[in-house]
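Here the structure is laid out as structure tokens; the discussion comes afterwards.
The values are calculated or read from the model by the stated rules, or taken from the named source; none is laboratory data. Since the model is a prediction, treat every value here as computed from it, not as a measurement. All Cβ positions, glycine included, derive from the backbone under ideal geometry; neighbour counts span all protein chains shown. For accessibility, only protein heavy atoms count, side chains too; no ligands or nucleic acids. Shrake-Rupley method; radii C 1.70, N 1.55, O 1.52, S 1.80 Å.
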Amino acid sequence: GDQVEQSPSALSLHEGTGSALRCNFTTTMRAVQWFQQNSRGSLINLFYLASGTKENGRLKSTFNSKESYSTLHIRDAQLEDSGTYFCAAANTGYQNFYFGKGTSLTVIP
Amino acid sequence: EAAVTQSPRNKVAVTGGKVTLSCNQTNNHNNMYWYRQDTGHGLRLIHYSYGAGSTEKGDIPDGYKASRPSQENFSLILELATPSQTSVYFCASGEGTASQNTLYFGAGTRLSVL
């Protein structure tokens, strides 16, 4: 079965609003990273976390290994935030990252 | 800025033919990875490497071989391509340390096997 479960699968936000994306893990993970896939198909790394919380501009991510989840918060959403967001997590050795199926985000003017 | 370059960007192959996808990274990263992306599956790991001369099987290695002749280059080889291997393929590199293994992706290769 899938080790990384992402929710929601799709999300629409009006410009200026915010929401949270979530990944749940079915096994203990040691690191997580979040990516945005833009309209050109490019995968852009947003965060790498081995624990705790990181923030970058309008984005904030938290990783709780003990409770087996990670979140990505987007605030003040902009049109350029549209795309598909993936989380990927590694269980042993930090080498092999398992991807979730993604959240498709549409920001509406 | 991390740089991972894939070639070709698009490829049409015939069933039973041999296909080689190439990846070059200028980051001096230890680890390199090949993923495929299909609708409904996200990204799935095919092969990865810890350094020159090493290749490891990922989650879906059947029908694929990999080659890491140098730190910079990592190839994915389809000896006998099948239509089920039609997909978008991504290469990535990462430092491979416990504290940091951020993955940097190439732009992808769109492969169609007819």
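Just to be sure I understand the curve: with the Debye formula and one point per C-alpha of the protein assembly as shown, what is log10 I(q)/I(0) at q = 0.10, 0.13, 0.16 Å⁻¹?
For the protein assembly as shown at q = 0.10, 0.13, 0.16 Å⁻¹, log10 I(q)/I(0) is -0.44, -0.74, -1.09.
What nm value, rounded to one decimal, do you get for the distance between B:Asn27 and B:Ala3 when each label is placed 7 Å out toward the C-beta?
Using points 7 Å along Cα→Cβ, the separation is 1.4 nm.
Which whole-number percent is the relative contact order of region A:4-108 (Cα, under 8 Å, 6+ apart)?
Working: 272 pairs, mean separation 39.6, N = 105.
In percent, rounded to a whole number, it is 38.
Based on the alpha-carbon gyration tensor of chain A, what equivalent-ellipsoid semi-axes (square roots of 5 times the eigenvalues) come out, in whole Å, largest first?
Largest first, chain A gives 23, 14, 12 Å.
Too long at a 27 Å Cα-Cα cut-off: which of A:Lys101/B:Lys65; A:Lys60/A:Lys101; A:Lys54/B:Lys11; A:Lys54/A:Lys101?
Details: A:Lys101/B:Lys65 25 Å; A:Lys60/A:Lys101 20 Å; A:Lys54/B:Lys11 39 Å; A:Lys54/A:Lys101 22 Å.
Going by Cα-Cα distance, A:Lys54/B:Lys11 fall outside the 27 Å limit.
So for A:Val107, B:Val12, what's the accessible-area order with a 1.4 Å probe, most first?
B:Val12, A:Val107
Just to make sure I understand: if all protein chains stay in place, what is the order of A:Ile44, B:Ile77 by accessible area at 1.4 Å, largest first?
Details: A:Ile44 70, B:Ile77 25 Å².
Descending accessible area places them as A:Ile44, B:Ile77.
Measuring from a point 7 Å past the Cα of A:Asn91 along Cα-to-C-beta, which residues in region B:34-55 have an amide N at less than 17 Å?
Answer for region B:34-55: B:44-46.
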